[in-house]
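See below for the structure under consideration.
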Amino acid sequence: MKRFFVVLIVLGIIGTFFTEQQSYAQNVVDGVYVKENIPGKRPVPYPDLREADVMWTKKIWQIIDCREKINHAFYYPIQDMDDRKSLISLLIYGINNEGITAYKDDEFKELMTRDDVYRAFDALPDTQFVPDPNTGELVETVIEGEIKYDEVYQYEIKEQWFFDKKYSKMFVRTLAICPVRKYLDLETGQERKQRTFWVYFPEIRPLLANQEVFNRHNDAQRISFDDIFFQRRFNSYIVRETNVYDNREVRTYMQGLNVLHEAEKIKQELFELEHDLWEY
């Protein structure tokens with residue numbers, strides 16, 4: 001009987017210790033206040049749009065290059081830290097935990113499973129024979145795959161530009177996003193570029209609105225990924241527009257520096273179209 005009471009006392013002390021440790025951990029805040037603005041934020045709703053109000057429209061594909069300073073927020077941090085994620089890390093989190101749907105193309109015709117997404121990054125689990133540290137014999141071991149976020153250095157976005165006569169203004173809405181992966185092909189030793197998967201932008205807007213983005217000027221005035229797209233706080237260049245030739249890309253009929261010149265020409269045409277509608 002005495003041993004029973006001793007055991008109860010010891011278990012009570014241990015339970016109290018772990019309870020205090022857990023309570024202490026819950027009371028730790030990495031900062032001077034609890035952030036509630038971005039985590040509870042909702043996407044800004046789009047203005048109402050009727051087909052009868054759309055006088056002109058065109059679909060445009062653009063590339064966001066994360067190597068540009070203004071686009072660093074899409075690329076960093078490479079590994080999740082504090083309350084920050086890179087865009088690719090957020091998209092993978094959404095696919096794994098929030099039910100975000102991935103597609104094989106920008107027309108949303110073919111779905112991709114989680115394994116398909118990981119296969120696009122060569123991150124599926126692999127079975128290998130590894131020497132046992134005790135016996136030295138080869139033992140079949142499953143090695144978990146890992147997505148290398150630093151390989152995603154570009155994002156291709158599909159947009160629709162349109163002029164709404166109700167507001168007498170040119171609008172643009174993002175329709176889809178595709179992370180572009182750059183990696184070293186071990187068989188050929190050459191660098192390769194690959195589109196990984198597409199996501200429907202309106203579906204991921206709530207996820208983007210709840211993830212804050214680093215502000216290099218003020219940590220207290222951070223914005224969300226949804227704000228970046230909604231307010232066009234990034235730099236990009238055009239790689240394709242809707243055309244009669246199967247929506248071919250600019251690089252299929254232009255080479256070298258002429259590709260950028262053609263992209264600037266398309267962008268200038270968009271600007272002049274809205275400008276000319278205000279000519280008297």
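The values are calculated or read from the model by the stated rules, or taken from the named source; none is laboratory data. The structure displayed is predicted, hence computed values, not measured ones. Using ideal geometry, Cβ is built from the backbone for each residue, glycine included, and neighbour counts are taken over all protein chains shown.
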Does the stretch 132-180 hold any residues that are modelled with pLDDT under 75, farther than 30 Å from I78 by Cα and in a strand (DSSP E or B), and which are they? L138, V139, E140
Is one or more of the residues making up the stretch 180-189 under 19 Å from I95 (Cα atoms) and in contact (Cβ under 8 Å) with a residue 40 or more places away in the chain? yes
Condition set hydrophobic (A, V, I, L, M, F, W, C) and exposed (fewer than 11 other Cβ atoms within 10 Å of the Cβ), scope the stretch 234-270, selection nearest to K69 (Cα to Cα): answer is L257
Looking at the stretch 164-173, can you tell me whether even one residue there is surrounded by 13 or more Cβ atoms within 10 Å (Cβ to Cβ), under 12 Å from the mean Cα position of the chain (by Cα) and aliphatic (A, V, I, L, M)? no
Only one of these is among the hydrophobic types (A, V, I, L, M, F, W, C), crowded, with 17+ Cβ neighbours inside 10 Å, touching a residue at least 40 places away in the same chain (Cβ under 8 Å) and closer than 30 Å to L273 by Cα: I100, I60. Name it. I60
May I ask you to verify whether I64 is modelled with pLDDT of 90 or more, within 15 Å of F214 (Cβ to Cβ), among the hydrophobic types (A, V, I, L, M, F, W, C) and outside any helix (DSSP H, G or I)? no
Applying the selection to the stretch 248-271, what residues are assigned to a loop (DSSP other than H, G, I, E, B) and touching a residue at least 12 places away in the same chain (Cβ under 8 Å)? none
Could you please tell me which pairs satisfy a Cβ distance under 7 Å, a separation of 6+ or placement on different chains, a first residue in the stretch 110-127 that is surrounded by fewer than 19 Cβ atoms within 10 Å (Cβ to Cβ), and a second residue that is among the β-branched types (V, I, T) and not in a loop (DSSP other than H, G, I, E, B)? R114/I95; P125/V142; P125/I143; D126/I143; T127/V142
